[in-house]
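Notes follow once the structure below has been shown.
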Amino acid sequence: MLTYKHISLEHKEAIDGFNCSDEISVELFLKEQALKLHLLRSAVTRLYFDESQNLVGFFTLYNDHVHLYPSQKAKHGWKLPELDLFPAVKLHYIGVDIRHRDRELHRYGEYLLGEVVDLVEDIAKNSGCNFITIEALPSALSFYEKYGFKVSSRQRGNGELYNMVLKLGELEE
Amino acid sequence: MPKQGNLEGGRHKMTTEIKPIRPTHLEFDSEEEMNKFINYATSTKKTSDPGLDRLRQLMKTHKRAPERK
């Protein structure tokens, strides 16, 4: 059973030892930006620990909105319905330490995604929220698609990132 | 853009710049595609999809992690 704590200075040693070297931007985000954004209340980071108090993973969320790109509307003169903004929560980063990815023993990535969906569903009960959004790296596309996220567009001018969405209404009973 | 970073264990590590906080802008190649997305976003109909079924099942059994004391 994992336990969580919000990121703080007391976790510096654990964070310094976090290893996500197969996708270094995830590791660098945690080590260089996550605490600052958390203290600014711009993006909230949760750290997850196993029973031996090892930091096995984390994720970071912030409030987002999905905006249908205006320059395309103007360029093509398309008719749009009144609704072209959709409130969302963005899964900014999620990562599992490479030393804790033994799928025979546990599925921490899947568990953390369950935590994200659970949290965002709670938010959506009290404040409008249509989607969980992700700017996904190509290496992570198959993981998110495995759990129902859909690619909605590839970002232009942002390298290899893909915009993905999970519609929360799909999960209602 | 992804970049080839330093060598580690004989392999190049792929590095990507850290993403900033920003809204999600969706670009579509046609009005039809855009309307399809809007219809999807506003529809109350559930999509039949193996991935969504997997997530629905996962959420039925998910037990929320307690906060560490």
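The values are calculated or read from the model by the stated rules, or taken from the named source; none is laboratory data. Predicted, not measured: the structure shown is a model, and the values here were computed from it. Cβ coordinates were reconstructed from backbone atoms using ideal geometry, including for glycine residues, and neighbour counts include every protein chain displayed. With ligands, DNA and RNA removed, areas are computed over all heavy atoms of the protein, side chains included. Shrake-Rupley method; radii C 1.70, N 1.55, O 1.52, S 1.80 Å.
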Once you have all Cα-Cα distances for chain A, histogram them in 10 Å bins from zero and send the whole-percent values. 9, 35, 36, 15, 4, 1
Label model pair A:Glu121, A:Thr3: point-to-point distance (7 angstrom along the Cα→beta-carbon line) in nm is 2.5 nm
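Need one number: buried accessible surface between chains A and B, 1.4 Å probe, both sides summed, DNA, RNA and ligands left out, in Å² to 100. Please list the in-between numbers first.
Working: alone 10930 and 7820 Å², together 13020 Å².
That pair of chains buries around 5700 Å² in total.
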Can you return the aspartates and glutamates within cross-link range of B:Lys60? Criterion is Cα-Cα under 18 Å, with same-chain partners fewer than 8 residues away left out. A:Glu110, A:Glu115, A:Asp118, A:Glu121, A:Asp122, A:Glu170, A:Glu172, A:Glu173, B:Asp49
Protection proxy (average C-beta count within 10 Å per residue), highest first, orders B:43-53, A:142-152 as A:142-152, B:43-53
Output the 0 to 90 degree angle, nearest 10, between the alpha-carbon long axis of helix A:108-126 and the longest principal axis computed from the alpha carbons of chain A. 50 degrees
Once amide H atoms are built 1.01 Å from N in the peptide plane, which residues 5 or more positions from A:Leu47, or in another chain, come under 5 Å H to H? A:Lys5, A:His6, A:Ile7
